[in-house]
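Structure record follows, encoded as C-alpha cells.
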Amino acid sequence: IAQVDLNVKGMVKNSRLAKSINDVAWSTFRQWLEYFGFKYGKATVAVAPNNTSQNCSNCDQKVPKSLSTRTHVCPHCGYVEDRDINAAINILKKGLSTVGHTGTQAWGEISSDLVGHVLSD
C-alpha cells in the first residue's frame, strides 16, 4: 500500500484549510491504514509528495499545473488523465520502487514477522 507522506502539521497552518484538513483526520487515517496493513501482513510505504501530481505518470516529464487544473495533459507524450489518477499512479510507482523498505507504522516499530513475510512474497 503506497501513500503520500503528508506534512499534516504544516498543512493545518493554513487557516483557510485547517478545519477541512482536521475534519478528514489525515493522521488518524494513516495510523489505521498502517495498523491494518501490519495486521493483515501488507506492507505500507509512505512516499514523498514531491511532484506526484506534476509529473507525467507515462513519460516522467514535469507538467506544471495549478491546483484548479483537474486534468493532466502531457505536452511531451500526449497522455491525458484525471489529475488525481495521474498522481495515484506516480505514488504507486514511488512506493513500488522503494527497495528494502517494508513498511512504516505511526504507532510503533515494524515487527520481524512482518519483515519476513514481506521478504518472502
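The values are calculated or read from the model by the stated rules, or taken from the named source; none is laboratory data. Being a predicted model, the structure only gives us computed values, none of them experimental. Note that we place each Cβ from the backbone using ideal geometry, even for glycine, and neighbour counts take in every protein chain shown. Only protein heavy atoms, including side chains, enter the accessible area calculation; ligands, DNA and RNA are left aside. Shrake-Rupley method; radii C 1.70, N 1.55, O 1.52, S 1.80 Å.
Please enumerate the residues belonging to the range 1-56 that are of a type in the set (A, V, I, L, M), open to solvent by 70 Å² or more (accessible area, probe 1.4 Å) and over 12 Å from the mean Cα position of the chain (by Cα).
The answer is L17, V24.
Taking the range 87-101, which residues are of a type outside the set (K, R), open to solvent by 60 Å² or more (accessible area, probe 1.4 Å) and in contact (Cβ under 8 Å) with a residue 40 or more places away in the chain?
Correct list: L92, L96, H101.
Yes/no per residue for (1) under 20 Å from D82 (Cα atoms); (2) of a type in the set (A, V, I, L, M):
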residue	(1), (2)
A2	yes, yes
R16	no, no
D23	no, no
Q31	no, no
E34	no, no
V47	no, yes
N55	yes, no
C59	yes, no
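Output the residues belonging to the range 57-86 that are more than 20 Å from L6 (Cβ to Cβ), small (G, A, S) and surrounded by 12 or more Cβ atoms within 10 Å (Cβ to Cβ).
Listed by number, the list is empty, since nothing qualifies.
Does the range 52-68 contain any residue that is outside any loop (DSSP other than H, G, I, E, B) and of a type in the set (A, V, I, L, M)?
no
Quick test for you: out of V8, V45, pick the one residue that is in contact with a strand residue (DSSP E or B) (Cβ under 9 Å, 6 or more places away or on another chain) and in contact (Cβ under 8 Å) with a residue 12 or more places away in the chain.
V45
Checking S68 against (1) modelled with pLDDT of 95 or more; (2) farther than 25 Å from V45 by Cβ, which test does it fail?
Just one mismatch for S68, condition (1).
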